[in-house]
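*Asks:* Below are the structure tokens for one structure; questions will follow.
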């Protein structure tokens, strides 16, 4: 075989016949991509793995449960030969050659007329990596290069500028609990592509330092409010920048829809005719307790957890929380934004039947380098917050799950 590099090409297989010989692990790995490409897949194999058999049962492929026979490749566009019978593979490869069917062989790349690249996908882009020659092929290195490129595109560390006009709009991105590694890959990619970022103070601030210098970063807490309420001012800023044709990211802590006013912003954008994408984030109500060694549910301990906003006290007429009902629950209670109200909250829960010795944990600055955990009970938590100087942001966990881990304090 000549030592020439392979010529890369993308096959459009929608509605076209593809023959796969062999129903083992190779077929199991390759079939999903062929199905996704819209190919009319014929599997010829006496046996198949349970996963491959499930594809046949679901009607995603046609399975003829028999060995390869001459003529199977006559009208195919593409063939994958992956049986354990070398002699059958050689005969099938020869048939593919006669019929000019591009053919991949799992057992002998040198004898194949096509190679399968290591592929990955990111937002409408397919990355395919091929080794330049058959001899000395290094599949692990090829896969590693593929992974590096795809990961870079996904997390924004590898930025390919758009040269076609982008549709301006806003992305409401949940930044997670604080650790910059806990933002979703889609959220990180949108950040890397943004022209303007309007950020909450509870968002992953370390990510802002990684943005290119041309990106305008606006601290939502410092938007001049004038005669407007704070949220209305933020809504107006989102609309104003989007109408200038810019790609705008509203970076929020946690998840946009968990006490994040995300729907208010989405509604304002919809009224203004601004397209909006919502990217969910990891909520601090689950992730911060987990980072401190507290599961919000645990077998035999808690079968449910309830997340409550504590930004108004139980006796405040603005409160929408049914605190007496919460006191009767046996599961876990997670309170956000309740540090300065926890004393009153604890008193109310105890007054309505919650045992005073119910364990409480407060996790301050969860998932960040400044994280600390302080333990108490409903009877002592109000005083503990004062003496230990617990400050927001902190997630408060109430219930028996506080004590199930290997450590109960930090």
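What follows is calculated from the coordinates using simple rules that are stated; it is not laboratory data. It should be emphasised that the depicted structure is a prediction, and the values quoted were computed from it without experimental measurement. Here the Cβ positions follow ideal geometry from the backbone for every residue, glycine too, while neighbour counts run over all protein chains shown.
*Asks:* Determine the shape class of the chain: with a ≥ b ≥ c the square roots of the Cα gyration tensor eigenvalues, call it rounded for a/c under 1.5, and otherwise prolate if a/b is greater than b/c, oblate otherwise. Walk me through the numbers on the way to the answer.
*Replies:* Details: a/c = 2.92, a/b = 1.92, b/c = 1.52.
Note, shape of the chain comes out prolate.
*Asks:* If you don't mind, another one. What is the antiparallel percent of DSSP beta bridges lying wholly in the chain, to the nearest 5?
*Replies:* Details: 21 of 61 bridges.
Restricted to the chain, the bridges split so that about 35 percent are antiparallel.
*Asks:* Over the range 17-116, what is the mean sequence separation of C-alpha contacts under 8 Å (at least six apart), divided by residue count, expressed as relative contact order in percent?
*Replies:* Numbers: 186 pairs, mean separation 27.3, N = 100.
Dividing the mean separation by the residue count of the range 17-116 yields 27 percent.
*Asks:* For residue 383 and residue 351, calculate 0.36 nm times their separation in residues minus their Cα-Cα distance, and state this gained length in nm to one decimal. Could you put the intermediate results ahead of the total?
*Replies:* Working: separation 32, 0.36 × 32 = 11.52 nm, distance 1.73 nm.
Extra length from residue 383 to residue 351 when fully extended: 9.8 nm.
*Asks:* Return the distance in nm (one decimal) between the two label points of a simple spin-label model at residue 66 and residue 210, each offset 7 Å from Cα along Cα→Cβ.
*Replies:* 5.6 nm
*Asks:* Same structure again: For the range 169-279, treating each Cα as an identical point scatterer without solvent, what Debye log10 I(q)/I(0) comes out at q = 0.17 1/Å?
*Replies:* Normalising to I(0) and taking log10 leaves -0.72.
*Asks:* Cα-Cα pairs above 19 Å in the range 17-116: how many percent? Working shown, then result.
*Replies:* Working: 1570 of 4950 pairs.
Percent of Cα pairs beyond 19 Å in the range 17-116: 32.
*Asks:* Separate question: Calculate how many DSSP beta bridges within the range 285-403 are antiparallel, expressed in % of all such bridges and rounded to the nearest 5. Before the final figure, lay out the partial values.
*Replies:* Values: 15 of 20 bridges.
If I count the DSSP bridges inside the range 285-403, around 75 percent turn out antiparallel.
*Asks:* Note the full-extension length gain between residue 309 and residue 328 as 0.36 nm times their separation in residues minus their Cα-Cα distance, in nm to one decimal.
*Replies:* Numbers: separation 19, 0.36 × 19 = 6.84 nm, distance 1.77 nm.
This chain segment gains 5.1 nm when fully extended.
*Asks:* Shifting gears a bit: In cubic angstrom, how much convex hull volume per residue do the alpha carbon atoms of the range 4-66 span? Before the final figure, lay out the partial values.
*Replies:* Details: hull volume 6.1 nm³, N = 63.
Output value, Cα hull per residue: 96 Å³.
*Asks:* Ignoring everything except DSSP H segments at least 4 long, calculate the 222 nm mean residue ellipticity for the chain; use -39,500 (n - 2.57) per segment, divide by total residues, nearest 500. It would help to have the intermediate numbers written out before the result.
*Replies:* Working: 11 runs with 114 residues, N = 410.
Per the formula, -8500 deg cm²/dmol.
*Asks:* In Å, what Rg and Dmax follow from the Cα atoms of the range 268-410?
*Replies:* 16.0, 53
*Asks:* Tell me, what is the percent relative contact order of the chain, built from C-alpha pairs under 8 Å that lie six or more residues apart?
*Replies:* Details: 792 pairs, mean separation 41.5, N = 410.
Relative contact order comes out at 10 percent.
*Asks:* Could you check the simple spin-label distance between residue 144 and residue 99, using points 7 Å along Cα→Cβ, in nm with one decimal?
*Replies:* Simple spin-label model gives 3.9 nm for this pair.
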